[in-house]
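These notes are about the structure you will find just below.
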Amino acid sequence: MKFTLKQLRYFDAALRLGSIARASEEMNISQSSVTAALDLIEQSIGQELFRRIPAKGIIATQAGQDVGKRVSAFLEQARLFESDLLSLTGDPTGTLRLGCYEPTAPFVLPPLMKQIAATYPDIRIDLKEGNMHQIADWLRSNTVDVALTYQAETPSEMPFLPLFHARPWALIPHNSPLSQQASVSLQDLKDEPMVALDLPAAKSYFEEMFQIQGLVPNVAHTTQSSAVLRGMVAGQFGYSILNICGPNDRDKHAGYAALPINGAVKTQTFGLAYSAVLQQSTIVDAVIKICEVLAAKQKFSHLLLEPTSEVDQ
């Protein structure tokens, strides 16, 4: 091979970022080194792999895209190979690229990251947060090794380890008479102003809950932030619905009441998604085993708000 692993990394960064300058910044190397790597690989392949556009960076040709995919896959295997070698003489070590559905991150990440740190202190976590569609793309493109997300939006070809089943619950502002009830139904909520979480898959999921019962929610406000959503409900702009119930949501001073939704509603399964190929990695296998233990011990049960049997009757 005429080019080095470092040069392949420069090539991957340049094509991924569409810029020699940004690639040099990311890799902490001179622009001339990135340019030299691109030229060498292009000469070795014997085809034009990219076009330089003044003031716009570089654009990969079709051949460049094909080469780029193979380079990216090779670098991923090299990273896992290096990690596995380092783990041969001891516990798993290296970097775990962990994706997480952003609204759930403050609640589901701490138990997992604490257990990883306690069990395998040499594993470093590179965290990426995003919506469910972004996470699905990251899994397909091997941008992340594993991801904490909902099963409904996980690519069907990806193995999925369930951690818990999250039934939706309602955030009711304290100024609403409904906040004094033990629970609410979708019929109770249909005419009330709703603050909806406007993220891919999330919005359609909550709308479908009402549609199944022949109802239409009265969406008054939308936000892409679960923190802003909670603030708006506390500010008496309307109620909302979520699946994860954090410790502060049960605080009587939160500005809203956390109430179970009775009746038949669609429950979401939350867990760990990963590539079947990456399961062979020492680090990924270790994290899967940790998640299995956490799920068996119900370490996420405090995040669930379930109706009582009296409510369901």
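The modelled label-to-label distance between residue 73 and residue 16, using points 7 Å beyond Cα along the C-beta direction, is 1.7 nm. For segment 23-168, a simple Cβ point-charge model (Lys and Arg +1, Asp and Glu -1, everything else neutral) yields a dipole of about 260 debye relative to the Cα centre. Taking the longest Cα principal axis of the chain as reference, the axis of helix 202-212 is set at about 40 degrees. Here is the size of the chain from its Cα atoms: Rg then Dmax, 23.7, 73 Å. The simple Förster model, with R0 at 25 Å and r as the Cβ-Cβ distance, assigns residue 29 and residue 140 a FRET efficiency of 0.30. Working from label points 7 Å from Cα in the Cα-to-Cβ sense, the residue 161 to residue 218 distance is 4.5 nm.
Run lengths n ≥ 4 of DSSP H only: what is the helix-derived mean residue ellipticity at 222 nm for the chain, with -39500 (n - 2.57) per run over all residues, to the nearest 500? Walk me through the numbers on the way to the answer.
On the way: 11 runs with 129 residues, N = 313.
Taking each H run of at least 4 residues, the total per residue is -12500 deg cm²/dmol.
Between residue 62 and residue 296, what's the calculated FRET efficiency when r is the beta-carbon distance and R0 is 41 Å? Round to 0.05.
Numbers: r = 48 Å, r/R0 = 1.18.
Once the sixth-power term is evaluated, E becomes 0.25.
Here the extension length gained between residue 115 and residue 39 equals 22.8 nm, from 0.36 nm per residue of separation less the Cα-Cα distance. The long axis of helix 31-45 is offset from the longest Cα principal axis of the chain by roughly 70 degrees. The trypsin sites (Lys or Arg not before Pro) found in segment 169-275 that occupy coil by DSSP, while having at most 11 further C-beta atoms within 10 Å, are 252.
Spacing of the modelled spin labels on residue 267 and residue 252, each 7 Å from Cα toward Cβ, amounts to 3.0 nm.
Based only on the alpha carbon positions, what is the Kirkwood hydrodynamic radius of segment 101-243, in angstrom? Could the numbers behind the result be given before it?
On the way: mean 1/r = 0.0589 Å⁻¹.
Radius from the Kirkwood sum: 17.0 Å.
Between 0 and 90 degrees, the angle of helix 282-296 with respect to the longest Cα principal axis of the chain falls at about 10 degrees.
Placing +1 on each Lys and Arg Cβ and -1 on each Asp and Glu Cβ, with no other charges, gives segment 250-313 a dipole about its Cα centre of roughly 160 debye.
Of the cross-linked pairs 114/190; 190/252; 69/299; 69/128; 266/299, which ones have a Cα-Cα span greater than 30 Å in the structure shown? All intermediate terms of the calculation are to be shown ahead of the outcome.
Details: 114/190 40 Å; 190/252 24 Å; 69/299 39 Å; 69/128 21 Å; 266/299 22 Å.
Beyond 30 Å: 114/190; 69/299.
Remark on residue 146: its backbone amide H falls under 5 Å from those of 97, 99, a criterion applied only to residues 5 or more positions apart or on other chains, H modelled at 1.01 Å from N. Built from the Cα atoms of segment 168-260, the convex hull projects on average onto 5.2 nm², one quarter of its surface area. Only the Cβ atoms of Lys and Arg (+1) and of Asp and Glu (-1) were treated as charged; on that basis the dipole of segment 5-75 about its Cα centre amounts to roughly 140 debye.
None of the figures in this text is laboratory data; all of them are computed from the coordinates on show. This one's a predicted model, so the numbers in the text were calculated from it and none came from an experiment. All Cβ positions, even for glycine, are placed from backbone atoms using ideal geometry, and neighbour counts span all protein chains on display.
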